[in-house]
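Enquirer: My questions will all concern the structure given below.
The values are calculated or read from the model by the stated rules, or taken from the named source; none is laboratory data. All values derive from a computational prediction rather than experimental measurement. Cβ sites come from the backbone with ideal geometry, for glycine too, and all protein chains shown count toward neighbours. With ligands, DNA and RNA removed, areas are computed over all heavy atoms of the protein, side chains included. Shrake-Rupley method; radii C 1.70, N 1.55, O 1.52, S 1.80 Å.
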Amino acid sequence: MTRLRLLLAVLTLALATACSGSTAPSPAASPSPGTGSTARAGTAAPGESGFPDAGTTGPRVALTPHSTGNLSVKTDGTVIRGWDITGSLDVYADDVTVIDSRITSTNWWGINLRPGHSGLRVLHSTITAVPGKGPDNGGEDYAVSNMSASSVEVGWSDVSVFGNALSMGRGHLHDNYVHDLVPFRNAGGEWQHTDAVISGGSNTGELIIRHNTLLNATPVGKGASAAVGLFADTGPVSHTVVDGNLLAGGAYALYGGGAGATGIKVTNNVFSRRYHRNCGVYGAVTAWNTGGRGNVWRGNRFSDGTPITPEPAG
């Protein structure tokens, strides 16, 4: 199943349980960064220090269990703070904030912003899933999904398991730790493509991907796609910043948008060899439009400092 077909399927999905969102009570302040993160994501090499990890992401407070099931949030301005959620959040409201919380999903997503809504922020949280328990033939597809034309902020969060962890064409993704993606065959019997960050093109606003750790250790024979996948699935890719991240894995670590991509700025990223000699199975970067208007490639290197120069998109 293609990404576009999968997105259309998700858009028609009816959730099993729907109830209006509410503001969470204030939990006791008991600092515990990275609560609940036990997955292993490979060994960092010299030159890879200072990037987000389990110790700098996730909830900073003690959590209160909430077995919400698949919860529809319908109240503007809802703040969910300090919750340990067994379920998922489907957001039909504006200016919703999820902060210092943990979500363990068996749905298509962990958090999903519906079309026509805006202002979603996901901060200092852990978003994970239960392998083999999701609706896509046992798989779960998106940790944070943005179906809206507005921007979504995801920051200081620990994200794992989902096939396409952070999925959006417009947003601000910063200081996150994305790791241990779990491959699965989708309902069509095909290996689902895995990407730590994925964007399908037709951007109506800016996508900023800055200072994240984005790891994709999935074998290429089981659907490995990218650490950052900028794909022209629904139209040309544009207005995207990929700056100061640690990238590792995938078929290629970075897909740069293809021949029609413009306004893509890829700067000061470290490409790790922790999984593959060339960062990705086949290389560090592909589909880079060297002559595209506003495209910038600068300061990108392997962990040992070796500069990376992409081949032009074919």
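Enquirer: Rounded to the nearest 500, what is the chain's calculated 222 nm mean residue ellipticity when only DSSP H runs of at least 4 contribute -39500 (n - 2.57) each, over all residues?
Expert: When only DSSP H runs of four or more count, the value is -1000 deg cm²/dmol.
Enquirer: In addition: Counting only C-alpha contacts under 8 Å and six or more residues apart, can you give the relative contact order of the range 136-273 as a whole percent? Write down the numbers at each step before the final one.
Expert: Working: 437 pairs, mean separation 28.0, N = 138.
About 20 percent, as a whole number.
Enquirer: Same structure, new question: Straight-line reach from K133: which lysines have Cα under 21 Å away, leaving out those fewer than 8 places along the same chain?
Expert: By straight Cα distance, K133 reaches K222.
Enquirer: Using only the Cα atoms, work out Rg/Rh for the range 79-207, with Rh taken as the Kirkwood radius, to two decimals. Could the numbers behind the result be given before it?
Expert: Numbers: Rg = 13.4 Å, Rh = 14.3 Å.
Over the Cα atoms of the range 79-207, Rg/Rh equals 0.94.
Enquirer: Can you give the accessible area per residue of the range 194-314, in Å², using a 1.4 Å probe?
Expert: Numbers: 4410 Å² over 121 residues.
In whole numbers, the range 194-314 has 36 Å² accessible per residue.
Enquirer: How far apart, in nm, are the 7 Å Cα→Cβ label points at T309 and Y282?
Expert: It works out to 2.2 nm between the two label points.
Enquirer: A follow-up question, please. How far apart, in nanometres, would the label points at E190 and T43 be if each is projected 7 angstrom from Cα along the Cα-to-Cβ direction?
Expert: If labels sit at E190 and T43, their model points lie 3.7 nm apart.
Enquirer: How much length is gained on full extension from T290 to D233, taking 0.36 nm per residue of separation minus their Cα-Cα distance?
Expert: Computed gain between T290 and D233 is 18.5 nm.
Enquirer: Report the percentage of all Cα-Cα pairs in the range 150-293 whose separation exceeds 29 Å, rounded to a whole percent.
Expert: Summing the P(r) tail past 29 Å for the range 150-293 gives 7 percent.
Enquirer: R298 versus N137, label points 7 Å from Cα toward the beta carbon: distance in nm?
Expert: Placing both labels 7 Å beyond Cα along the Cβ direction yields 4.4 nm.
Enquirer: Of the chain, which part is the longest with no trypsin sites (Lys or Arg not before Pro) in a loop (DSSP not H, G, I, E, B) and with at most 10 other C-beta atoms within 10 angstrom?
Expert: In short, 41-276.
Enquirer: Of the heavy-atom accessible surface of the range 49-131 (probe 1.4 angstrom), what whole percent is carbon and sulfur? Please list the in-between numbers first.
Expert: Details: 1390 of 2740 Å².
Summing carbon and sulfur atoms, their accessible area is 51 percent of the total for the range 49-131.
Enquirer: May I pose another question? Whenever you get a sec, compute what percent of the accessible area on the range 164-233 sits on carbon and sulfur atoms (1.4 Å probe).
Expert: 50
Enquirer: So, taking all protein chains as they sit and a 1.4 Å probe, how much accessible area belongs to H117, in Å² rounded to tens?
Expert: 40
Enquirer: Same structure, new question: How do S202, S150 stack up against each other in accessible area, from largest to smallest, with a 1.4 angstrom probe?
Expert: Descending accessible area places them as S202, S150.
Enquirer: Let me ask another. Can you tell me the relative contact order of the chain? Whole percent, Cα pairs under 8 Å, sequence separation 6 or more.
Expert: 12
Enquirer: Quick check: with the 1.4 Å probe, what order do T106, T126, T68 take by accessible area, largest first? Before the final figure, lay out each step's value.
Expert: Working: T106 65, T126 5, T68 30 Å².
Ranked list, largest accessible area first: T106, T68, T126.
Enquirer: Here's another thing I want to ask about it. When N is the residue count of the range 89-134, what does its C-alpha Rg come to as a fraction of 2.2 N^0.38 Å?
Expert: 1.19
Enquirer: Roughly how big is the chain's charge dipole about its Cα centre, with Cβ charges of +1 (Lys, Arg) and -1 (Asp, Glu), in debye to the nearest 20?
Expert: With Lys and Arg at +1 and Asp and Glu at -1, about 380 debye.
Enquirer: Quick check: from the Cα gyration tensor, does the range 191-247 come out rounded (a/c under 1.5), prolate or oblate?
Expert: Oblate, since a/c reaches 1.5 and b/c is not below a/b.
Enquirer: Could you work out the relative contact order of the range 85-155? I mean the mean sequence separation of Cα pairs under 8 Å and 6+ apart, divided by the number of residues, in percent.
Expert: RCO, the range 85-155: 35 percent.
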